[in-house]
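What follows is a single structure, written as structure tokens, with notes after it.
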Amino acid sequence: MVTDLGGWGVLIAVVGGAIRVSTPYLYVSLGETLTEKSGRVNLGLEGTLVMGAMSAYAVAYLTGSPWLGVLVAGCAGAGLGLLHAAVCNLPRVNDVAVGIALFLLGTGLAFSLGKPFIQPVAPRLPSVALGAWSAYPQIRAALEINALFVAGVVLAALMRWALAHTRWGLIVRTVGDNEDAARALGRSVDLVRTLSTAVGGFLAGLGGSFLSLYYPGTWNEALSSGQGLMAIALVIFARWNPVRCFWVSLLFGGATALGPALQSVGFTSNYYLYGAAPYVLTLVLLVWSSSPTRVLAGAPSELSISR
Amino acid sequence: MSAPPRVEIVSMTKRFGDLLALDDVSLRLEPGTVHAILGENGAGKSTLVKCVMGYHRPDAGRVVVDGRAQAITSPRRAHQLGFGMVYQHFTLVPSMTGAENLVLGAAGLPAIIDWDAERATIERFQRRMPFQIDLDRPVSALAAGEKQKLELLKQLFLGRRILVLDEPTTVLTPDEADQILGVLGEMARENLLTVVIITHKLREVLAFAREVTVLRGGRRVGGGRAQDLDRDSLVRMMIGTADIPEPAARDVGPPGSVALGIEALRVVGDTGITAVRDVTLEVRAREIVGVAGVSGNGQRELVEVLAGQRQPESGVIRAGGARYRPTRGAMRRHKVFVVMEEPLRNTCVPGMSVAENLAFRNFDEPRNTVGGVLLSRRAIRRQALERIDRYRIRTEGPDARLETLSGGNVQRTVLARELSEDPAVLIAQNPCAGLDWAATTEIRSRIVTARNAGAGVLLLSEDLDELLELADRIMVMLEGRLVYETPRETADAHIIGRYMASHA
């Protein structure tokens, strides 16, 4: 059996890694897209992600059910989202500042509550072997796909559809694009934003559960390394479009997987440099898609960054 | 469609803290009439309709609809009774299509929207309407007149029968305004609608309204049938017996040398689209050049470039014959001064004091400093006291924060800063927007006085009447280009209006 695929091996590993690593990006960016569509920025999703990872791991370890862990992670995320929304509903509160506070609160809380769970091993989420047909172990490994990834893809398409075809979709967009219009319709701007932020937090929490229960599949304090923050930048690059969030998540996933992929074929020099690829990508994309003389097309106009 | 109900507003009173915003105002809205509510800013017009629309809870008074007193506790309740409001700033959602905007407000909006069915309903509805709009384009791509029509369409689609329009024509050209008001009048005559227009434009009241109510200081001070009233009596009711400042006389005589020259200026706007296209113009000393145009045709970007807030793509600007790049030094050297629109967001710091805001142009000049390094509070304060007095700025004192001043006094503060140092070039954009009659007259006088003293004035305004009153020459800006120019003597509002709307 041939096992050395050379350069192709790197490509396959990057694609497989993109699918694996993209899931948290996807969930956080979908959550943030929903929140921003309603006109608020939640920068705290990095904290939500870490909190979701910790609570999922803890619950999976204590109950033996990883799926219960996923659910609890979502609820923890929704709780943090509600906290963000509740504080932002107060007059003259800046959502960016609250988001940063929540980021620190979420990570700090997760680290202190998660101390006892660093050693124990929790059951992992199962995966579907879509690559069973292949003789190559590399391809088999790359196509080990987790149910959360599939659910995320469906969710992206569903969210795209819902924003155009449901009452809630129209209301969320109205609140995010013209507060006065929403008030004239008799809608409560704060309520819509509260729910959007809570659901956004729920999704980010789910993304966190993927980190601790599937890939990398452990709980420690260096688990996330800023993926929640990058996912927020990703929303801007995806122009607030859920389906584009999916493609950009894959791109970021691929960038994150580049270092390990090169390492797997024995290319170990500059490992840390390749590990920085997603951060470099974030910077490059943001610089490339921004302009000092232009407003971002597609940005909800009630966002504090659009005004 | 059913006929609009008979509405009576009885003894409406509303207090905000110590301020009696609305004092025992009553009026009757006959079905199928156009009723104008006339008054200056702060006269209580908005407060009155907000009480009726359920946004404010009145302290006393009631609304009687078809003989039955109704407690209107929320906007939703007002909508159920058939009241609809069209705001001055459109409440359409810019990123959505016309169709989405229409459907959005429907009371029984289903959880999942069947767009085919909704579209069919909308088409049937639009066929009965006196005008048509493309409902598949996003609202942000519509012209102001079309947006206004879409707002009306939306209200009618939602079954509203008493339409309240807040300053409906501020963003329209004269022809568009006449068309919209004409359509409304026709629909009222057919008894489809009762229309309430909040306005301060006398011409529209006299041409389109059947009934008038005039408010001043929160009280009803007059009104009746429009045909029994004339311009002078309406003005007297509106502004009271207080002294009306006389407009400054313009010195006649030829203008001087070129004060400001712009050649082939191109500017890219916020959305990446070229906002100013090959604008070439000259403003001479002792001349006011007016630029008319509907908001959003490149005026803001042009002013921002002249004020140094935006980089042009190409083109040359000259001041006093020399090449001019709008830096602080060049502005001071060439005596270029700018009165931008929305000064609180643009050229002032709301949280700083009146004295500090007045010193922005010259706080670093030797006379306002100690040894050229430290600010001299005393000199800045002295300058402020002198300017507050000369420009009649009503403030608690030079140390009051600027945001505590009324709109007219903020604008006086800006003018005091920009006009005090003998400008050679003055650029002003909508200097009187939202100000009352007295402040407007005074500010226009100051601009004319600056012109008489030798300044070249570039005045960009959405108010055509203002340009007809002040400008020596009028140009029209459309989609970033100057498309028409006329000297004062041959200026005609309707011709200018047509150029504002299209390349006709």
Item to check | Selected residue (criterion: surrounded by the fewest Cβ atoms within 10 Å (Cβ to Cβ)) from residues of region A:117-143 that are modelled with pLDDT of 85 or more and touching a helix residue (DSSP H, G or I) at 6+ places or on another chain (Cβ under 7 Å) | outcome: A:Pro120
Checklist entry - Is it the case that A:Tyr25 is among the hydroxyl-bearing types (Ser, Thr, Tyr), crowded, with 20+ Cβ neighbours inside 10 Å and over 21 Å from A:Thr256 (Cα atoms)? => result no
Next on the checklist: Checking the conditions here, which among B:Leu181, B:Leu165 is in a helix (DSSP H, G or I) and either surrounded by 20 or more Cβ atoms within 10 Å (Cβ to Cβ) or of a type outside the set (A, V, I, L, M, F, W, C) (or both)?
Outcome noted: B:Leu181
Item to check | Top-ranked residue in region B:77-107 [being free of Cβ contacts under 8 Å to residues at least 40 places away in the same chain and out of contact with any Leu (no Cβ under 9 Å at 6 or more places or on another chain); ranked as nearest to the other protein chains (Cβ to nearest Cβ)] | outcome: B:His89
Checklist entry - Which residues, taken from region B:127-156, are among the polar types (S, T, N, Q) and under 22 Å from B:Gln80 (Cα atoms)? => result B:Gln155
Item to check | Test result for B:Leu302, surrounded by 15 or more Cβ atoms within 10 Å (Cβ to Cβ), at pLDDT below 90 and not in a strand (DSSP E or B) | outcome: no
Checklist outcome for this item: Counting only strands (runs of 3 or more DSSP E) wholly inside region B:445-500, the ones holding at least 3 residues that are touching a Ser or Thr at 6+ places or on another chain (Cβ under 9 Å) are B:473-478
Item to check | Among the residues listed as B:Arg28, B:Arg68, the single one being over 23 Å from B:Leu181 (Cα atoms) and of a type outside the set (A, V, I, L, M, F, W, C) | outcome: B:Arg68
Checklist entry - Can you find even one residue in region A:106-124 that is away from chain B (no Cβ under 14 Å) and under 23 Å from A:Trp247 (Cβ atoms)? => result no
Checklist entry - Applying the selection to region B:321-346, what residues are under 24 Å from B:Met477 (Cα atoms) and buried (at least 16 other Cβ atoms within 10 Å of the Cβ)? => result B:Tyr324, B:Pro326, B:Val336, B:Phe337, B:Val338, B:Val339, B:Met340, B:Glu341, B:Pro343, B:Asn346
Checklist entry - Got at least one residue in region B:108-131 being in contact with an Asp or Glu (Cβ under 8 Å, 6 or more places away or on another chain), more than 7 Å from chain A (Cβ to nearest Cβ) and within 30 Å of B:Leu27 (Cβ to Cβ)? => result yes
Item to check | Tabulated pairs, region B:220-246, first modelled with pLDDT under 85, second surrounded by 15 or more Cβ atoms within 10 Å (Cβ to Cβ) and polar (S, T, N, Q), C-beta under 7 angstrom, 6+ apart or interchain | outcome: B:Ile244/B:Thr441; B:Pro245/B:Thr441; B:Pro245/B:Ser445
Checklist outcome for this item: Requiring at least 1 residues that are at pLDDT 85 or above and over 28 Å from the mean Cα position of the chain (by Cα), the helices (runs of 4 or more DSSP H) wholly within region B:71-162 are B:75-80, B:98-104, B:115-127
Checklist outcome for this item: Within region B:258-282, residues within 25 Å of the chain's Cα centre (by Cα), part of a strand (DSSP E or B) and among the aliphatic types (A, V, I, L, M) come out as B:Val267, B:Val268, B:Ala275, B:Val276, B:Val279
Next on the checklist: For region B:84-91, check the following and say yes or no: at least one residue is among the hydroxyl-bearing types (Ser, Thr, Tyr) and buried (at least 20 other Cβ atoms within 10 Å of the Cβ).
Outcome noted: yes
Checklist entry - When region A:233-276 is examined, which residues are found to be among the polar types (S, T, N, Q), free of Cβ contacts under 8 Å to residues at least 12 places away in the same chain and not in a helix (DSSP H, G or I)? => result A:Thr268, A:Ser269, A:Asn270
Checklist entry - Does region B:309-327 hold any residues that are more than 14 Å from every other protein chain (Cβ to nearest Cβ) and assigned to a loop (DSSP other than H, G, I, E, B), and which are they? => result B:Gly320, B:Gly321, B:Tyr324, B:Arg325, B:Pro326, B:Thr327
Item to check | Residue match in region B:139-159 (condition: surrounded by fewer than 18 Cβ atoms within 10 Å (Cβ to Cβ), facing another protein chain (nearest Cβ under 10 Å) and hydrophobic (A, V, I, L, M, F, W, C)) | outcome: yes
Item to check | Condition met for B:Pro255 (in contact with a helix residue (DSSP H, G or I) (Cβ under 6 Å, 6 or more places away or on another chain), part of a loop (DSSP other than H, G, I, E, B), in contact (Cβ under 8 Å) with a residue 12 or more places away in the chain and not acidic (Asp, Glu)) | outcome: no
Checklist entry - Which residue pairs have Cβ atoms closer than 7 Å, lie 6 or more positions apart in sequence or on different chains, and pair a first residue in region A:168-180 that is in contact (Cβ under 8 Å) with a residue 40 or more places away in the chain and within 7 Å of chain B (Cβ to nearest Cβ) with a second residue that is assigned to a helix (DSSP H, G or I) and not small (Gly, Ala, Ser)? => result A:Arg173/A:Lys37; A:Arg173/A:Leu163
Checklist entry - Filtering region B:258-278 down to residues that are in contact (Cβ under 8 Å) with a residue 40 or more places away in the chain and of a type in the set (Val, Ile, Thr), which residue is nearest to the other protein chains (Cβ to nearest Cβ)? => result B:Val268
Checklist entry - Which residues, taken from region B:342-379, are assigned to a loop (DSSP other than H, G, I, E, B) and of a type in the set (Gly, Ala, Ser)? => result B:Gly351, B:Ala359, B:Gly371, B:Gly372, B:Ser376
Checklist entry - Residues of region B:184-229 being in a helix (DSSP H, G or I) and among the acidic types (Asp, Glu), which ones? => result B:Glu186, B:Glu204, B:Asp228
Checklist outcome for this item: Going through region A:57-104 in order, the residues found to be within 20 Å of A:Leu203 (Cβ to Cβ) and aromatic (Phe, Trp, Tyr) are A:Tyr57, A:Trp67, A:Phe103
Checklist entry - Somewhere in region A:192-211, is a residue within 14 Å of chain B (Cβ to nearest Cβ) and among the aliphatic types (A, V, I, L, M)? => result yes
Item to check | Of all residues making up region A:212-227, the number that are assigned to a helix (DSSP H, G or I) and farther than 9 Å from A:Tyr57 by Cβ | outcome: 1
Item to check | Residue count for region B:47-70, restricted to those that are in a loop (DSSP other than H, G, I, E, B) and either within 12 Å of chain A (Cβ to nearest Cβ) or exposed (fewer than 15 other Cβ atoms within 10 Å of the Cβ) (or both) | outcome: 7
Checklist entry - Looking at region B:395-404, is at least one residue touching a Pro at 6+ places or on another chain (Cβ under 8 Å) and outside any helix (DSSP H, G or I)? => result yes
Item to check | Among the candidates B:Val349, B:Val305, residue that is touching a residue at least 40 places away in the same chain (Cβ under 8 Å), closer than 30 Å to B:Asn409 by Cβ and within 14 Å of another protein chain (Cβ to nearest Cβ) | outcome: B:Val305
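The values are calculated or read from the model by the stated rules, or taken from the named source; none is laboratory data. It should be emphasised that the depicted structure is a prediction, and the values quoted were computed from it without experimental measurement. Note that we place each Cβ from the backbone using ideal geometry, even for glycine, and neighbour counts take in every protein chain shown.
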